[in-house]
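Colleague: Could you have a look at this structure, given as structure tokens, before my questions?
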Amino acid sequence: MTGPAEPDPRLTAAPGTPVVLHRLALAVRPLDAHTRGPAGPGLRVGWESARIPGRRPGPDDPVRALERHEPSGFVLRYGTSGAPGEVGASVRVRIDDPARRWIPRRFAVALWTRAELAAADDAAPTGPRVRADARLLLPWLLPGPAYPVPQGMTGLRLRVTRPGPGSAEPVRWPRIEAFGPGGALLGWAHGDEHGQALLLIGGAAPLPFPSPPRVAIALRTHAPDPAPPTGGPRPPDPLADLVAEAVRRSASPPGPQDLDNDVLRGLAPPAGYRTCAADTVRTLTVGQVLPTDDLLHTTDRPVSEESRTCPST
């Protein structure tokens, strides 16, 4: 004989329409340009927005930190409030390292909008989806003055300057390319607000083997034009004059050029930059990273084929 049936403890409810509180707007995963691995820890990654109403301005305005997530890196999400300062169709992202291991970068990134993502969700499961990797930014960070250089690397520590009224003045945020025998691109570097750059050779193409102890290379500089004013009080935002490089929106699914291109690698000179009138020849000591004389960036000399030719060794 069996006793009375036990009541079913489960609760059932008719399915309803889910409310989505957050959607991924952008994931940022900075890469070390030398190792191609993740850069960090200790990076500051944020997005630039208008001051939040009712909040007292602070030293970090106008930057709001992105959320730290693993393994995505840093995440920006669409919320539901629609309050002032919310994310729009594009966003300015900045990345910097207080320890100066990597050179800061800024990007103006076109986004999949909240309305487009919501429409894709409403069309699920049969409609087109906006994949998460279509909302991924993979910027390369170039080594800074305090970068931990592996033993046995070949490179140069240098400073880019331009002619000044009295003496040469540092170029803020310069870019440098290094060409080896036969015109091969051996590497590139970014400079900081003092014009200082760390150029490590071998990331783009290896040195010829067997390498002689010393190798001549041609260095080509790119710099903002016109030059920002010097002197005066220090600006409240130290990265205000760092160019925001335009990044187009990825397709879904993203193509190879969406996630890896010359802009993200830091190889394409940004808009508003001018290339030096002539390359400068320097000599590498293989297996060492040594300081070298300043590179003088000028754009007022005529450009000839001979001045742009890389040295042969």
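Throughout, read-outs are computed from the coordinates displayed, never taken from laboratory work. These numbers come from a predicted model, not from an experiment. As a convention, Cβ positions derive from the backbone with ideal geometry for all residues, glycine included, and neighbour counts pool all protein chains shown.
Colleague: Rounded to the nearest 0.05, what FRET efficiency do residue 268 and residue 122 have when you use their Cβ-Cβ distance and R0 = 45 Å?
Modeller: Between residue 268 and residue 122 the formula returns 0.75.
Colleague: Further, regarding this structure: Arrange the following residues from fewest to most other Cβ atoms within 10 Å of their Cβ: 176, 201.
Modeller: Listing 176, 201 from fewest to most nearby Cβ atoms yields 201, 176.
Colleague: If neighbour count is taken as other Cβ atoms inside 10 Å, put 154, 283, 221 in order from fewest to most. Display every interim value, and only then the final one.
Modeller: Working: 154 21, 283 13, 221 31.
In increasing order of surrounding Cβ atoms, one gets 283, 154, 221.
Colleague: Oh, and also: Taking θ as phi - 60°, what are the ³J(HN,Hα) couplings along the range 105-122 by the Karplus curve (6.51, -1.76, 1.60), each to the nearest whole Hz, with x for Gly and Pro?
Modeller: 9, 10, 9, 9, 9, 7, 10, 6, 6, 4, 5, 5, 5, 5, 5, 5, 5, 5
Colleague: Taking 0.36 nm per intervening residue step and subtracting the Cα-Cα distance, what contour gain separates residue 299 from residue 184 on full extension?
Modeller: In short, 39.1 nm is gained.
Colleague: Going by how many other beta carbons lie within 10 Å of each one, how would you line up 250, 90, 167, 49, fewest first?
Modeller: Final ranking by Cβ density, sparse to dense: 167, 90, 49, 250.
Colleague: Pull out the extension gain between residue 90 and residue 285, defined as 0.36 nm times the separation in residues minus the alpha carbon to alpha carbon distance; nm, one decimal.
Modeller: Going from the current span to full extension adds 65.7 nm.
Colleague: At a Förster radius of 25 Å, what calculated FRET efficiency corresponds to the Cβ-Cβ distance of residue 216 and residue 149, to the nearest 0.05?
Modeller: After rounding to 0.05, the efficiency reads 0.70.
Colleague: Taking the Cβ-Cβ separation of residue 64 and residue 133 as r and a Förster radius of 30 Å, what is the calculated FRET efficiency to the nearest 0.05?
Modeller: With R0 = 30 Å, the Cβ-Cβ based efficiency is 0.80.
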